[in-house]
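Student: Before anything else, here's the structure in question.
The values are calculated or read from the model by the stated rules, or taken from the named source; none is laboratory data. Everything numeric here is computed off the predicted structure, so don't read it as measured data. Positions of Cβ are backbone-derived with ideal geometry, glycine not excepted, and every protein chain shown enters the neighbour counts.
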């Protein structure tokens with residue numbers, strides 16, 4: 001796991017200048033200018049380094065989802081949110097299936113549902129996502145938390161902000177509030193646009209999503225999508241023409257559920 005490494009210092013380079021005819025006391029004004037330039041470049045370098053060292057678009061975030069009905073034992077599931085540029089996926093590790101979304105240049109979404117044990121995929125066009133009740137909002141798939149939820153929550157007083165870059169990446173915003181008679185607690189990693197902890201308590205049930213690790217290694221991210229890109233795929237619109245396929249026949253018999261994604265709700 002890559003836990004927000006502190007970047008190496010980037011030393012700025014300043015071109016020399018002849019100050020002999022500047023009219024100022026030798027060494028005084030040039031030194032102040034040089035120091036000011038160094039400070040400016042250091043601030044710019046820190047800003048660029050922060051963006052580079054908090055790569056929100058390239059990560060695998062692992063979560064533990066705990067769901068419990070009143071009087072019953074809790075059910076625990078391990079989930080992975082995978083981001084790779086304009087692609088995002090959510091995988092249910094125990095069930096061995098996942099769903100991915102790709103944002104096209106026209107901002108529309110296409111989606112694929114992947115079945116690891118069968119090494120098969122079913123592809124859904126943007127229009128099919130809407131027809132089957134799928135969520136076509138990219139940002140919710142990207143960050144798990146519905147963007148509209150933040151307007152229903154109250155940002156809590158923040159502790160002193162961290163100074164080190166590794167801590168900046170892990171800086172939390174704490175939210176609380178009510179949503180449809182449910183109490184919501186959200187600890188939000190703002191730099192990474194991820195929930196670190198998300199709990200919803202209803203009168204007779206509750207669930208919580210807990211971040212357990214983040215991996216920024218490109219090899220692991222590439223491997224996740226490369227594996228599923230190799231699966232035999234069929235367009236959802238063509239399933240009716242392939243009813244002799246044992247896998248598709250099984251999917252038809254089970255019924256196709258609305259494409260809501262494997263997210264906590």
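Student: In the range 225-246, what count of residues is obtained for those that are modelled with pLDDT under 95 and buried (at least 17 other Cβ atoms within 10 Å of the Cβ)?
Tutor: 2
Student: Next question. Report the residue count in the range 179-224 for those that are assigned to a helix (DSSP H, G or I) and buried (at least 16 other Cβ atoms within 10 Å of the Cβ). Reasoning before the result, please.
Tutor: First pass over the range 179-224, keeping only residues assigned to a helix (DSSP H, G or I): 218-224.
With buried (at least 16 other Cβ atoms within 10 Å of the Cβ) added as a condition, the list becomes 221, 224.
Selection size over the range 179-224: 2.
Student: Another question about this same structure. Mind listing whichever residues of the range 183-195 are closer than 12 Å to residue 172 by Cβ and under 11 Å from the mean Cα position of the chain (by Cα)?
Tutor: Correct list: 189, 190, 191, 192, 194, 195.
Student: Can you pull out the residues in the range 49-79 that are more than 20 Å from residue 191 (Cβ to Cβ) and surrounded by 17 or more Cβ atoms within 10 Å (Cβ to Cβ)?
Tutor: Across the range 49-79, the qualifying residues are 65, 77, 79.
Student: Among the candidates 69, 119, 99, 58, single out the residue that is on the phi > 0 side of the Ramachandran plot and touching a residue at least 40 places away in the same chain (Cβ under 8 Å).
Tutor: 119
Student: Criterion first (within 17 Å of residue 84 (Cβ to Cβ), out of contact with any strand residue (DSSP E or B) (no Cβ under 7 Å at 6 or more places or on another chain) and in the same structural domain as residue 89 (by TED's automatic domain parsing)) does residue 222 satisfy it? Quick ask: steps written out before the conclusion?
Tutor: Details: within 17 Å of residue 84 (Cβ to Cβ): yes; out of contact with any strand residue (DSSP E or B) (no Cβ under 7 Å at 6 or more places or on another chain): yes; in the same structural domain as residue 89 (by TED's automatic domain parsing): yes.
In short, yes.
Student: Within the range 99-122, does at least one residue satisfy the condition of being surrounded by fewer than 16 Cβ atoms within 10 Å (Cβ to Cβ), modelled with pLDDT under 90 and in contact with a strand residue (DSSP E or B) (Cβ under 8 Å, 6 or more places away or on another chain)?
Tutor: No: the range 99-122 contains no residue that is surrounded by fewer than 16 Cβ atoms within 10 Å (Cβ to Cβ), modelled with pLDDT under 90 and in contact with a strand residue (DSSP E or B) (Cβ under 8 Å, 6 or more places away or on another chain).
Student: Which condition does residue 45 not pass, out of (1) modelled with pLDDT under 95; (2) in a strand (DSSP E or B); (3) over 20 Å from residue 225 (Cα atoms), if it passes all the others?
Tutor: Residue 45 satisfies all of (1) modelled with pLDDT under 95; (2) in a strand (DSSP E or B); (3) over 20 Å from residue 225 (Cα atoms) except (2).
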